[in-house]
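Peer 1: I'd like to ask some things about the structure below.
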Amino acid sequence: MKIKLLHTADWQIGKGFANFEGDAGALLRTQRLKTVDRIANIASEQRVDVVLVAGDVFETNAVADDTLRRTLNHMQSFKGPWVLLPGNHDAALADSVWTRLTRIGLPDNVKLAIRPEPLLLLNDRLAILPAPLARRHEATDITEWFDTAITPTDVFRVGLAHGSVANRLPQKSDALNMISDTRSETAKLDYLALGDWHGTLEIAPRTWYSGTPEPERFRNNEPGNVLIVTLTEPGSAPIVEVVPVGHFSWKQLEHTVSSADDVVALDALLAAESQVDRLVASLTVRGTVDLATRRLVEELMDRHRARCHVLRTNDEELVGVPSDQDLDRIDTMGFVRAAIEELRTKANNPSDSESLVARSALQKLYLEHLRLGD
């Protein structure tokens, strides 16, 4: 009776990444399809019986037909059944990706779970109970029908849904598309496969979020996985294995700089990142330094930006205060020197309303002086 499932969700194929310019954004887009290849290969290697995709297969219902065809092509290496569920991004509207996929033509092994009714697979050994979203947001629990769903005796009952499990998520979520945290018990499910939360998480008994297989945001909630779920016999607890599949690694980094030694430490922090060409990083640098040290930080970030897939930097909290040595390098006399000294006085006085303006002006003078040559 043993059955092995691959549980995944939140592919969001067609996601634009418009806030990433040029090749960086294009590669993030194409990687999502390559990750579908990886999922199909794992399903074949692990000899799973069925792949369940728990919603948000596509980013929107407006993705191009070419994107739909490409997605099907990338699923081809797994010949067993795929069950695709509409989520809030790709709800089963009257005109949707699901109606267009039907017109395009689906392979026999791709099943669309677009109606709330049992879907019997594997010679009636497995009953999938889907809760497709027919619109982006539902105010009621659309998994409630699972409790009274009639399925053959001695089959595995597996729920498939997309939404927020009530009272369980570690962060506040919208009170929409809510799912009871006791649904696996009240519906006598052997497993409840969920999508919507983008991290891998066991949320309640026999109830898991697989998370998105390809990370797409700066959030430390264990994305980048699929789940291999083994059901040994109806009523027994599932055996769940977390399998990493993500290509890109998204990280938020922070570093405080107050001296040249801290710049060396920041260099070591970035250099220690493995597979840096797959790194999408957001780096915040803060502290108070002289202008020469601030320039070292900027040069370091430029160097590492060329190594990473994406390195976004925020140095607004890195305050450059000119030292005597900084100002002495601007070897000038008379009016210019007097102006520099006045700016320096303002910059060193936090109570002066023009302190930030003075710091910025001094930094620009310093960098222009370096550009023109000492």
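Peer 1: Counting only pairs 8 or more places apart or on different chains, how many lysine pairs in the chain have C-alpha atoms closer than 29 Å?
Peer 2: 20
Peer 1: Now for a different question. Would you please name the trypsin sites (Lys or Arg not before Pro) within the range 43-137 that are DSSP coil residues with at most 15 other C-beta atoms within 10 Å of their C-beta?
Peer 2: On the way: sites: 47, 69, 70, 79, 100, 103, 111, 125, 135, 136; in loops: 47, 79, 125, 135, 136.
The qualifying sites are 47, 79, 135, 136.
Peer 1: Who wins for biggest fluctuation among 80, 16, 195 in a Gaussian network model of the chain, springs between alpha carbons below 10 Å?
Peer 2: 16
Peer 1: Follow-up question, since we're still on this one. Defining a contact as two alpha carbons under 8 Å apart and six or more residues distant in sequence, what relative contact order in percent does the range 110-155 show? Working shown, then result.
Peer 2: On the way: 44 pairs, mean separation 16.5, N = 46.
It comes to 36 percent, rounded to a whole number.
Peer 1: Another one. Of 137, 309, which has the most accessible area with a 1.4 Å probe, and how do the rest follow in descending order? Show your work: numbers first, answer last.
Peer 2: Numbers: 137 80, 309 35 Å².
Listed by decreasing accessible area, they come as 137, 309.
Peer 1: Between 0 and 90 degrees, rounded to the nearest ten: what's the tilt of helix 334-347 against the longest Cα principal axis of the chain?
Peer 2: That helix lies at roughly 40 degrees to the long axis.
Peer 1: Another one. Keeping all protein chains in the complex and leaving out DNA, RNA and ligands, what accessible area do you get for residue 341 with a 1.4 Å probe, in Å² to the nearest 10?
Peer 2: 70
Peer 1: Taking every DSSP beta bridge with both residues inside the chain, roughly what % is antiparallel (nearest 5)? It would help to have the intermediate numbers written out before the result.
Peer 2: Working: 17 of 61 bridges.
Of those bridges, close to 30 percent are antiparallel.
Peer 1: May I pose another question? Cα axis of helix 22-45 to longest principal axis of the chain: angle in degrees, 0 to 90, nearest 10?
Peer 2: The angle comes out at about 30 degrees.
Peer 1: While we're on this one: Return a whole-number percent for the relative contact order of the chain, with Cα pairs under 8 Å and 6 or more residues apart as the contact set.
Peer 2: Details: 775 pairs, mean separation 46.1, N = 374.
Averaging sequence separation for qualifying contacts and normalising by length gives 12 percent for the chain.
Peer 1: Follow-up. Under a GNM of the chain (C-alpha, springs under 10 Å), which listed residue has the highest mean-square fluctuation: 319, 240, 36?
Peer 2: Result for the chain, Cα springs under 10 Å: 319 fluctuates most.
Peer 1: Net charge within 9 Å of residue 1 by Cβ-Cβ distance, Lys/Arg positive one each and Asp/Glu negative one each, not counting residue 1 itself?
Peer 2: Result for the neighbourhood of residue 1: 0.
Peer 1: Please state the Cα pair-distance histogram of the chain with 10 angstrom bins from zero: what percent is in each bin?
Peer 2: With 10 Å bins starting at 0, P(r) equals 5, 21, 24, 17, 12, 10, 7, 3, 1, 0.
Peer 1: Let me ask another. Got the relative contact order for the range 158-279 handy, in percent, Cα pairs under 8 Å and 6 or more residues apart? Walk me through the intermediate numbers first.
Peer 2: Details: 213 pairs, mean separation 20.4, N = 122.
It comes to 17 percent, rounded to a whole number.
Peer 1: Kindly express, to the nearest 10 degrees and within the range 0 to 90, the angle between helix 355-372's C-alpha long axis and the longest C-alpha principal axis of the chain.
Peer 2: Rounded to the nearest ten degrees, it is 80.
Peer 1: May I ask you to give the percent of accessible area on the chain that is carbon plus sulfur, with a probe radius of 1.4 Å? Each step should come with its number before you reach the end.
Peer 2: Values: 8670 of 17800 Å².
Of all accessible area on the chain, carbon and sulfur atoms account for 49 percent.
Peer 1: How much net charge surrounds residue 218 when only the other residues with a Cβ under 11 Å from the Cβ of residue 218 are counted, with Lys and Arg +1 and Asp and Glu -1? Please report the intermediate quantities before stating the final value.
Peer 2: On the way: positive: 217, 219, 251, 312; negative: 216.
Taking every Cβ under 11 Å from that of residue 218, the sum is +3.
Peer 1: With a 1.4 Å probe and all protein chains left in place, how much accessible area per residue does the chain have, in Å²? Each step should come with its number before you reach the end.
Peer 2: Numbers: 17800 Å² over 374 residues.
Using a 1.4 Å probe on heavy atoms only, each residue of the chain averages 48 Å².
Peer 1: Towards the positive end of the charge dipole of the chain, with charges on Cβ (+1 Lys, Arg; -1 Asp, Glu), say which of 246, 161, 102 has the farthest Cα.
Peer 2: 102
The values are calculated or read from the model by the stated rules, or taken from the named source; none is laboratory data. Because the structure is predicted, anything quoted here is derived from the model rather than measured. Positions of Cβ are backbone-derived with ideal geometry, glycine not excepted, and every protein chain shown enters the neighbour counts. Only protein heavy atoms, including side chains, enter the accessible area calculation; ligands, DNA and RNA are left aside. Shrake-Rupley method; radii C 1.70, N 1.55, O 1.52, S 1.80 Å.
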